[in-house]
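Data block below; observations after.
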Amino acid sequence: MYHLGTVLYLQGKEKDSEALFQDSIGILEEAGQGESMTCIRRLRYLAQIYLKANRLEEAENIQRKILHIMELSKGWNSMETIISAERLALTLQSTGSLKEAQELFERCLDARKSLLPPNHIQISANMLHIARVAMLNSNQLRKRHVSEAIGELDRAKELLDNSIRIARHVLSKSMKQKGEKHNYGADGETIRDRRAALVILLQSLQALGLLEITKQEIRETQALDKNDNL
């Protein structure tokens, strides 16, 4: 059922493929295999289908189910649990549930810091996620609570500065190792990590530029309001 569903999905027959995926998952759950990695992989695939179709609520429900299973079976000392939580947080960010998204991203960051070296690129990416949520929070606050909006931007700036620092560290180490035959650095970064570092560095710099523009706009608005009051 699962493999047939995959073929039908690739053929553009989304409804038929979705029904097969759900039936396949249902059979596993009825057989007591609902927490198996086979079932989790199929749930992830179904969640991705919903995300691509912009069916965010359905994707969120499946991602919550996956995270619950991972928390019970592996706990937060597992990268699989962290990645499941991060995927849910990204969906929550898309739906505007910023508080819960922020809490999940922060929990992911704490868990990663306990499992990974301090300058690992995944920590940099996690900081970028939290900074983006803080900037969205600031945008919601700027019309009513200006000081809180600026506070969120200051927090985001600190996170972005650290994200940029880590990404540059990974890239600098990569340059020093250029020409070596092996693909691993001293901290275990792979070539794939280094490529990711360049993307994260560019995205963090872009976010930082947007942050500075937003902060300047808030200051200009404050100045205009002050002049109007005078």
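Quick notes
- Mean residue ellipticity (222 nm) of the chain, computed from DSSP H runs ≥ 4 via -39,500 (n - 2.57), nearest 500: -28000 deg cm²/dmol
- Percent RCO, i.e. relative contact order, over the range 95-152, from Cα pairs under 8 Å lying at least 6 residues apart: 31 percent
- Three-way shape label, the chain, alpha-carbon gyration tensor, a/c 1.5: oblate
- For the range 85-99, Karplus couplings with θ = phi - 60° (6.51, -1.76, 1.60), whole Hz, Gly/Pro x: 5, 5, 4, 5, 4, 5, 5, 4, 4, 5, 8, x, 7, 5, 4
- The range 25-41 - phi-based ³J(HN,Hα) in whole Hz, Karplus 6.51/-1.76/1.60, Gly and Pro as x: 5, x, 4, 4, 5, 5, 8, x, 10, x, 9, 6, 5, 4, 5, 4, 4
- Among Glu217, Glu14, sorting on how many other beta-carbon atoms sit within 10 Å of each Cβ, with the fewest leading, yields Glu217, Glu14.
- Cα centroid separation - the range 104-176 against the range 1-50, whole Å: 35 Å
- Sorted ascending by nearby beta carbons within 10 Å, beginning with the fewest, Phe105, Phe21 become Phe21, Phe105.
- Mean sequence separation of contacting Cα pairs (under 8 Å, at least six apart), scaled by the length of the chain, corresponds to a relative contact order of 11 percent.
- In order through the range 144-149: 3J(HN,Hα) via Karplus (6.51 cos²θ - 1.76 cosθ + 1.60), integer Hz, x for Gly, Pro: 10, 9, 4, 5, 5, 4
- Taking the square roots of 5 times each eigenvalue of the Cα gyration tensor of the range 1-96, largest first, gives ellipsoid semi-axes of 22, 18, 9 Å.
Any read-out appearing in this document is the output of simple, stated calculations on the displayed coordinates, not a laboratory observation. Since we're looking at a predicted model, the values are computed, not measured. Glycine gets a Cβ as well: all are built from the backbone with ideal geometry, and neighbour counts include every protein chain shown.
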